[in-house]
Every structure is written in structure tokens, then in C-alpha cells.
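Take a look at the structure set out below.
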């Protein structure tokens, strides 16, 4: 990264050169110019990212220099250096697009603080430019906002201003949770809804990063019914929808999200379209496939009910009919089979295996394993190792 110091006085340039903590902030080349015309030639040849320029110089002033920089769409940061504190001057500097200004005599702390901030600002803008040129800027921004909203929902720290920047200004917002059928690909529908809300200035929609079947929608107050009507015409898949009381502040998102989750748990949702075209056998296949993929996570009839749009009672009854055992026993068998594989093929500790399988209590896991297999995990591992030695 390059910086250019423009001043007609050698001693001022020398002071600036010695004041700057250049290496600390990534400056590798320090260039100098005695006046505006010389600065123009250096800028055209070297394209420095940061420019410090005096205001009063013979020929071309610092103000005239940044006016010229504006005509060539210079992307770097310009800091003006002046010997007087004047409001009209500051106003002109702002109008010309200068990043900041420093008063003479220059103090080391103030100078390096400005240097740090200018480098940081240029770096952030350069990243944005690179994203835009690569055509992925909007995708990166959308992913970032999805993560910010997800953090808010799960109670992690979040910046309300960052969320507000992607929403229309209003005194209150409506918060709505949309739940998709687990096996449906929700991303295209969430993006379709988000684009529609942004285009109409109604709000935005966010895909929750910890659960791809959930979408949180934030809209301006009293406009949700029109949005829901649009969804009913544009979505060709079933969804469940729950809403809560209006938010007076986005800081209420964590609490309101808990309220929405509770409503889903109690099945207090509205349905758009239905799953009549999917028979029970097909839906049970979807559930079994999901269980076999996520059996090491916390699974419950309640969770499956939310994801597969069936009542807890219906899933419990049909699961036993189709599979021949209860959901809890099926999950236990999958976990024990996985434990047996790890015990015989890997050197993970029994405690680690119990944690990976979702059992926080090693003693409980060991007792459960012995009840099913007939021996403790330790005995099973030793027996398997003995068999392997004998077979060689």
C-alpha cells in the first residue's frame, strides 16, 4: 500500500514521514510531492491509496487537488493538512470528498489515528469493490445479514443498526416466522420473497443459518396480510406461518422469536397449501431418512412435527407401524451401532464417543450400551481388538 505526502515545505514532509507508523498500518511505499502539479503526475503513475496534502501551496492548492481527484474518480483516501481551523474550509473539504483533515502543528497520536482509520476505510471499500467486480457482492451481503438475524434469534450479540440498514424506516415492525416442509428446498422461495419485499419497500426475509427450514420475515406494521396473500399465490409448496405482536424495537427480536417458536410448538400456525399430494408412506420415508441423518442430534416428536407438518401423535403412531419400533428405540439403535463402529475402528475415548452421540453423561451411555449389547463399551472395545489380533 502506498501513501503520498504533498507539501511545499520540506520540513513538514519530513515531520510527517517520521511521525507515521507506516509498517503497522500496511504502508510499504512513502512518496513525496512539492506541489499539486507534481502530485498529479505521481498519482497518475503510482496510484497511491492514501494522500496527505497541504491546503496552501503555490500553483495548485490542496482543495484544487482533491477537486481534480474527483474528476478521475480516485478511490483512495485524502487527508487535508491546514494551519487554520475554519468552518467554511471544513465545509469545502467535506464537499470535495476529503476523508479527514489535520491541523498544524501535527500531533503524532492524531496523525496515526487518522492514518489507521483511512487505511481501514480504504480496505473495507476495496473489499466491496472486489465483491462487486466478481459479481458476488449481493450474495455475500445477503449471507452476512442472514447470519446477523440468526444471531439475534438465538440470543447471540447482534447490531440492530445493521439490520435496520436493510429495512424501511418505521416506528414498529411485524415479525413473522415461516416454516418449510423439511424436504423442500427453501432458499429459492426465501430469496423470491426477500426480493419482493425489498422492491415494494415492505421489509425483508432472512434464511436462518441454524435451520434451513425456517425463514424470519420483518415487515412494516399492518402490511403482513398483503404479503401473506402474495405468498399464497407465488409459493407452490406448503408452508406454516406464525406471527407475533409488533416490535417497537429490533432489540426485541430474541424475545419475540421465542414467542414464535412457542406458537409453532403449540401448533398455533396458519397453513398455506397442503401436503395432500404426499401420502403417509412417502412422508414417513422422509422422516426416517431425516432421523438416519441426524440421529446424533437432539431429536423429538415435537421437532419432527414442526419439520414434517404432522402432529406428534400421528408421527408416533405411524412410525411404530411402519418401522416396527418407537422413534426413541430406533434412535437408540442407530447410536449404539455407530458406537460399536467407533469402538472397534477408532481410538476415541468412551467419553468422547458418548458426547458425539448426544449423551452428556458417560455413565448413562455405558449402562445403555451394556443393556443393549450385553457388555460395557470398554469390554466391547477390548473384545474387538482381541478378535482383530487373532485374525491376523
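The values are calculated or read from the model by the stated rules, or taken from the named source; none is laboratory data. Remember, predicted model here, so these are calculated numbers, not experimental data. FYI the Cβ positions are ideal-geometry reconstructions off the backbone, even for glycines, and counts take in every protein chain you see.
Every residue, every condition in (1) without any contact (Cβ under 8 Å) to a residue 12 or more places away in the chain; (2) under 22 Å from residue 261 (Cα atoms); (3) in a helix (DSSP H, G or I), yes or no:
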residue	(1), (2), (3)
147	no, yes, yes
152	no, yes, yes
163	no, yes, yes
177	no, yes, no
183	no, yes, no
188	yes, no, yes
Practice item. Please find, among 172, 156, 162, 125, the residue that is over 29 Å from residue 236 (Cβ atoms) and not assigned by TED's automatic domain parsing to the domain that holds residue 235. Key: 125
Study note, to complete from the structure: Note on region 74-99: residues modelled with pLDDT of 85 or more and either surrounded by fewer than 20 Cβ atoms within 10 Å (Cβ to Cβ) or within 38 Å of the chain's Cα centre (by Cα) (or both) are 74, 75, 76, 77, 78, 79, 80
Practice item. For residue 41, state whether it is more than 23 Å from residue 129 (Cβ to Cβ), touching a strand residue (DSSP E or B) at 6+ places or on another chain (Cβ under 9 Å) and surrounded by fewer than 18 Cβ atoms within 10 Å (Cβ to Cβ). Key: yes
Check your understanding: Only one of (1) crowded, with 21+ Cβ neighbours inside 10 Å; (2) without any contact (Cβ under 8 Å) to a residue 24 or more places away in the chain is not met by residue 216, so which one is it?
Key -> (2)
Check your understanding: Can you tell me how many residues in region 189-212 are within 18 Å of the chain's Cα centre (by Cα) and under 30 Å from residue 292 (Cα atoms)?
Key -> 9
Check your understanding: Which one of the conditions (1) touching a helix residue (DSSP H, G or I) at 6+ places or on another chain (Cβ under 7 Å); (2) not assigned by TED's automatic domain parsing to the domain that holds residue 174 does residue 265 fail to meet, given that it meets all the rest?
Key -> (2)
Exercise for review: Quickly run through region 229-255 and pick out the residues that are crowded, with 17+ Cβ neighbours inside 10 Å, touching a residue at least 40 places away in the same chain (Cβ under 8 Å) and not in a loop (DSSP other than H, G, I, E, B).
Suggested key: 231, 239, 240, 241, 242, 243, 247, 250, 253
Review point. Looking at residue 142, is it at pLDDT below 85 and either part of a helix (DSSP H, G or I) or out of contact with any helix residue (DSSP H, G or I) (no Cβ under 8 Å at 6 or more places or on another chain) (or both)?
Key: no
Point to revise | Residue among 375, 296 that is within 22 Å of residue 213 (Cα to Cα), outside any helix (DSSP H, G or I) and modelled with pLDDT of 90 or more | key: 296
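A quick yes/no check of all residues on (1) over 15 Å from residue 272 (Cβ atoms); (2) touching a helix residue (DSSP H, G or I) at 6+ places or on another chain (Cβ under 7 Å):
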site	(1), (2)
168	yes, no
219	yes, yes
236	no, no
244	yes, yes
247	yes, yes
252	yes, no
Revision key, fill the gap. In region 299-313, anything surrounded by 15 or more Cβ atoms within 10 Å (Cβ to Cβ) and either in contact with a helix residue (DSSP H, G or I) (Cβ under 8 Å, 6 or more places away or on another chain) or in a loop (DSSP other than H, G, I, E, B) (or both) is listed as 299, 301, 304, 305, 306, 307, 308, 309, 310, 312
Revision key, fill the gap. Of all helices (runs of 4 or more DSSP H) fully inside region 5-80, the set with 3 or more residues that are touching a residue at least 40 places away in the same chain (Cβ under 8 Å) is 10-19
Review point. Taking residue 368 and the conditions (1) surrounded by 15 or more Cβ atoms within 10 Å (Cβ to Cβ); (2) touching a helix residue (DSSP H, G or I) at 6+ places or on another chain (Cβ under 6 Å); (3) not in a loop (DSSP other than H, G, I, E, B), which numbered condition does it fall short on, given that it satisfies the others?
Key: (2)
Practice item. Consider residue 221 carefully, then state whether it is surrounded by fewer than 15 Cβ atoms within 10 Å (Cβ to Cβ) and more than 23 Å from residue 139 (Cα to Cα). Key: yes
